[in-house]
Amino acid sequence: MTPKKLERAVAGFMARQLGCRPDRVIRVDSFATNAVYEVDAGGRRFVVKASTGNDALAAEAWACARGAEAGCGAPEILALARLSAKDSMSALAMSRVPGEPVVAGHPAIVEVGAALRRLHDTRPPGFGWLAEATWNDSGGFSPTHTSWLGFLQNICREVRRVAGSYSIAATVADAAEAALSAHAGTLAAVEVGALCHGDLKASHILVDVDRFSGVIDWGDAVVADPRWDLARFAHRADTTSVSLLLEGYRPGRAASDELAWCIPLYAALWMLVDASVAHGLGRPAEASLAKAMAHLQRLAG
């Protein structure tokens with residue numbers, strides 16, 4: 001579908017689903033597998049995400065609803081349906097969360113930590129990315145993994161699959177598997193997962209008039225060990241911001257030994273996830289693999 005046809009399809013979707021004819025439809029930057037639009041209609045601004053990944057949109061809608069219930073300020077889901085009767089794409093219409101991305105060290109990050117803790121009280125079955133789960137018409141899903149350790153081991157297998165393209169891949173996978181083996185008993189003891197945002201970073205945390213307004217972009221939501229979310233934030237944030245997040249998440253508690261080994265290990269595995277995603281999109285992954293290897297070597301040494 002051409003860009004203009006897609007814009008018209010989005011406008012028609014909004015008219016059918018929300019009963020308002022858009023005044024403005026503008027495509028914005030987004031992940032390669034989605035087409036995301038800002039839509040002005042009826043005096044309000046909305047966000048519409050269109051994708052051929054119908055289950056992925058169902059997963060994002062479900063995660064947003066749980067995030068809103070937990071006080072994360074997630075977008076309100078207004079419609080989820082086929083983009084048009086003759087189209088294979090689906091579309092998700094949601095409210096636009098006001099504000100700008102949080103800056104490093106902002107005190108609102110404490111509120112984010114508290115909201116994240118409430119989100120992690122949601123305990124779906126199994127483990128894995130919600131976008132990769134099998135969804136039914138009633139909003140239920142079957143997870144991709146039955147164990148947390150199995151989910152982590154699969155990350156290593158995904159990296160090993162790109163060894164034909166990157167000579168370092170097999171070595172990195174070996175190092176990651178060795179790190180998992182060193183903590184296999186503790187990781188296997190994580191028997192119940194928590195709903196995690198899955199891509200928590202500054203650009204997804206919005207502040208409006210200097211107050212926390214919400215967390216956006218729930219397309220990478222995952223059922224995981226709650227520390228998986230903390231590690232995702234920690235490996236891309238400054239030390240002060242991480243401390244503020246933990247202050248809200250674990251009020252009155254000092255950093256413990258289990259965080260001391262777990263967060264760095266999970267951060268290395270996140271680097272492998274990033275490498276696999278980049279390779280899948282046809283982008284260079286060697287820098288991410290090398291960064292993960294250096295990180296794993298520090299953990300081992």
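The numbers here are math on the coordinates, done by the rules we state, and not lab data. Nothing here was measured: the structure is a model prediction, and the numbers come from that model. Note: ideal-geometry Cβ built from the backbone for every residue, glycine included; neighbour counts use all protein chains shown.
Taking each residue as 0.36 nm, the span from Asp210 to Thr122 lengthens on full extension beyond its C-alpha to C-alpha distance by 28.9 nm. Other residues lying with their Cβ under 12 Å from the Cβ of Glu100 contribute a combined charge of -1, Lys and Arg counting +1, Asp and Glu -1.
Sequence-ordered 3J(HN,Hα) estimates for segment 90-102 from the Karplus curve with 6.51, -1.76 and 1.60 and θ = phi - 60° stand at 10, 9, 10, 9, 9, 5, 9, 6, x, x, 10, x, 5 Hz, glycine and proline given as x. Here segment 117-174 and segment 71-109 have alpha carbon centers that stand 23 Å from each other.
Each label point was placed 7 Å from the Cα along the Cα-to-Cβ direction; for Glu69 and Asp137 their separation is 2.3 nm. For Thr146 and Val277, what does the FRET efficiency come to when R0 = 35 Å and r is the distance between their Cβ atoms, rounded to the nearest 0.05? Rounded to the nearest 0.05, the efficiency is 0.90. The reciprocal of the average 1/r between distinct C-alpha atoms defines the Kirkwood hydrodynamic radius, which for segment 185-301 equals 15.6 Å. Reported value for the chain: 136 Å³ per residue, from the convex hull of its C-alpha atoms.
Listing Ile168, Ile155 from fewest to most neighbouring C-beta atoms within 10 Å gives Ile168, Ile155. Multiplying the residue separation of Ala178 and Arg8 by 0.36 nm and removing their Cα-Cα distance gives an extension gain of 56.0 nm. The mean of 1/r over all pairs of different alpha-carbon atoms in segment 3-95, once inverted, gives a Kirkwood hydrodynamic radius of 13.2 Å. Among Met14, Met94, sorting on how many other beta-carbon atoms sit within 10 Å of each Cβ, with the fewest leading, yields Met94, Met14. The label-point distance for Arg27 and Ala260, in a model that sets each label 7 Å from Cα toward Cβ, rounds to 5.1 nm. Length gained on full extension, Lys201 to Asn54: 50.4 nm, using 0.36 nm per residue less the C-alpha separation.
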